[in-house]
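The values are calculated or read from the model by the stated rules, or taken from the named source; none is laboratory data. Note that the structure is a prediction, hence the values are computed from the model and not measured. Cβ coordinates were reconstructed from backbone atoms using ideal geometry, including for glycine residues, and neighbour counts include every protein chain displayed.
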Amino acid sequence: MGKKVLLVGLGMQGRAALHDLVNCVDISHIIVADNRPDLQIDPSRYSSDRVSVRRLDAADEASLFSLMRDADIVVEALPGTFALPLGRLAADCGVNLVSSMFYLDPAEREAGKIQSIRKQILEIDRKAIKKGITILSEFGLDPGLDLVIGAKALRELDEVREFHTYGAGLPGPEARLNPLQYKFSWSAVGVMKSYRRPARIISRGRAVDIEAAKVFETGNCHRLEVEEIGVPLECFPNGDSVRYAELFGIRDSVQEMGRYTGRLPGHCAFWDIMVKSGFLDERPVRVGDESVSPLKFTASLLASQKQFAYADDEEDMTFLRVDARGIRRGKKIRVIYQMIDRRDFETGLTSMQRTVGFTMSLAARLILEGKLKPGFLTPLDVPYDHVIPALERHNIRVQRREIPWE
């Protein structure tokens, strides 16, 4: 008997996940749940006996629980605020789940809240193990593929001295003709929030905290030459490298480490001004008789303009690089894994949709096939050989090279 999938969220990444899941012969039916006004499935592409839709508010836990009970796995493709609640609900219900989102927001700095979320994650893990289900988080592009590939690269070294990872979503050459040279391939609010969070890197073996307001400063950004893209990328720190150094088990040896986001030249200077001018603050300000969040206003303003959205004939690309440097059998070497993916005009799916949505759908298949252990998992628990070769059927390819480390 085929498996049943509950896909919660039919946004950009959810549509890509659906496109892939419907072609899986082991899946008999997919229920798509969302509350968007335009919720519908193209009958010429998806037959009603394979795919059905349910209008549902993700905050309605009772209705969600009812749908979850009949599913073999939940693919959660919602904004980040829903990730932890749905993970808890899946654990209570005893159903597998995969999400591309963080359960613990990297921007969170309140110690009490961090401790509370970690306790909730431990409880999710306990319930999942007891019920024999898998709850997989952070399994998209970045985080997700970067961590799977990173773990692979690190295993090739006897001792790790430096470790740098890069992720980027970029417009193709013909799609850069707007003032920002950038277009949104995922939630504008999500992008703005990621621009307004602090970061941590490791320098000379020590943890260095970078305030949110200083992430885009010249001293914290650097340029990365990428021949295949044609222009250098401006890279700014993103996330907590210290946490990942501990998860990777390299904290005692690594001397330099950073997780970075890449953008086209000029991006950092512009957003440094915007951040320091308060445009990405979340605390509401009075505008006449209304209270408005500057961040939400900025995101809404940009997202409402066609010039910052991809047209059907415009290309986007995703870039991922993992750069590990250290010692192997007494020699200093550098191992580099790199992925550059572009929009598929045949399906119409953007590269960001492909690399996030297809990664989630692949994880769902791995879980349904029993290839991942029960419990609360992260990408570090997913073997490279289960992931990268499988994505090649979508022409998502990762290249590896090894050179001496000078």
#### Entry: Matching entry among Met360, Met339 (being within 20 Å of the chain's Cα centre (by Cα), touching a residue at least 12 places away in the same chain (Cβ under 8 Å), part of a helix (DSSP H, G or I) and buried (at least 18 other Cβ atoms within 10 Å of the Cβ))
Met360
## Note on the structure
Exactly one of Val53, Val8, Val32, Val22 is farther than 20 Å from Val189 by Cβ and buried (at least 20 other Cβ atoms within 10 Å of the Cβ), and that residue is Val32
### Summary
Log entry, pairs with first residue in segment 237-249 being under 17 Å from Glu162 (Cβ atoms), second being acidic (Asp, Glu), beta carbons closer than 6 Å, six or more apart or on different chains, reads none
### Task
Inspect all residues belonging to segment 42-63 and state whether any of them is in contact with a Phe, Trp or Tyr (Cβ under 7 Å, 6 or more places away or on another chain) and either part of a helix (DSSP H, G or I) or of a type outside the set (Val, Ile, Thr) (or both).
yes
### Task
Only residues in segment 16-41 that are free of Cβ contacts under 8 Å to residues at least 60 places away in the same chain count as the first member; pair them with residues that are surrounded by 14 or more Cβ atoms within 10 Å (Cβ to Cβ) and in a helix (DSSP H, G or I), Cβ under 7 angstrom, at least 6 apart or cross-chain, and list the lot.
Ile30/Leu18; Ile30/Leu21; Ile31/Leu67; Val32/Leu18; Ala33/Leu67
### Message
Being exposed (fewer than 14 other Cβ atoms within 10 Å of the Cβ), of a type in the set (S, T, N, Q), in contact (Cβ under 8 Å) with a residue 24 or more places away in the chain and not in a loop (DSSP other than H, G, I, E, B) is the requirement here; does Gln353 meet it?
### Response
no
## Note on the structure
Going through segment 198-222 in order, the residues found to be closer than 27 Å to Ser253 by Cα, touching a residue at least 24 places away in the same chain (Cβ under 8 Å), surrounded by fewer than 18 Cβ atoms within 10 Å (Cβ to Cβ) and of a type in the set (D, E, K, R) are Arg204
### Summary
Per the filter on segment 185-244, residues farther than 23 Å from Thr318 by Cβ and either within 19 Å of the chain's Cα centre (by Cα) or among the charged types (D, E, K, R) (or both) are Pro198, Arg200, Arg204, Arg206, Asp209, Glu211, Lys214, Glu217, Val242, Arg243
### Task
Check off (1) touching a helix residue (DSSP H, G or I) at 6+ places or on another chain (Cβ under 9 Å); (2) within 26 Å of Glu174 (Cβ to Cβ); (3) surrounded by 16 or more Cβ atoms within 10 Å (Cβ to Cβ) for Tyr244 and give me the number that stays unchecked.
(2)
### Task
Output the residue which, of all residues in segment 96-114 that are surrounded by 22 or more Cβ atoms within 10 Å (Cβ to Cβ) and touching a strand residue (DSSP E or B) at 6+ places or on another chain (Cβ under 6 Å), is nearest to Ile133 (Cα to Cα).
Asn96
### Filter result for Val74 (more than 15 Å from the chain's Cα centre (by Cα), surrounded by fewer than 21 Cβ atoms within 10 Å (Cβ to Cβ) and either not acidic (Asp, Glu) or not in a helix (DSSP H, G or I) (or both))
no
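Here's the yes/no breakdown for (1) among the small types (Gly, Ala, Ser); (2) at pLDDT 95 or above; (3) within 20 Å of Val387 (Cβ to Cβ):
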| residue | (1), (2), (3) |
| --- | --- |
| Thr318 | no, yes, yes |
| Asp323 | no, yes, yes |
| Gly326 | yes, yes, no |
| Lys332 | no, yes, no |
| Val335 | no, yes, yes |
| Gln338 | no, yes, yes |
| Arg343 | no, yes, no |
| Gly348 | yes, no, no |
| Ser351 | yes, yes, yes |
### Task
Return the residue satisfying two criteria in turn: it lies in segment 77-87 and is surrounded by fewer than 20 Cβ atoms within 10 Å (Cβ to Cβ) and in contact with an Asp or Glu (Cβ under 8 Å, 6 or more places away or on another chain), and of such residues it is farthest from Met12 (Cα to Cα).
Pro85
### Out of Ile117, Ile121, sole residue that is assigned to a helix (DSSP H, G or I), over 24 Å from Glu369 (Cβ atoms), touching a strand residue (DSSP E or B) at 6+ places or on another chain (Cβ under 7 Å) and β-branched (Val, Ile, Thr)
Ile121
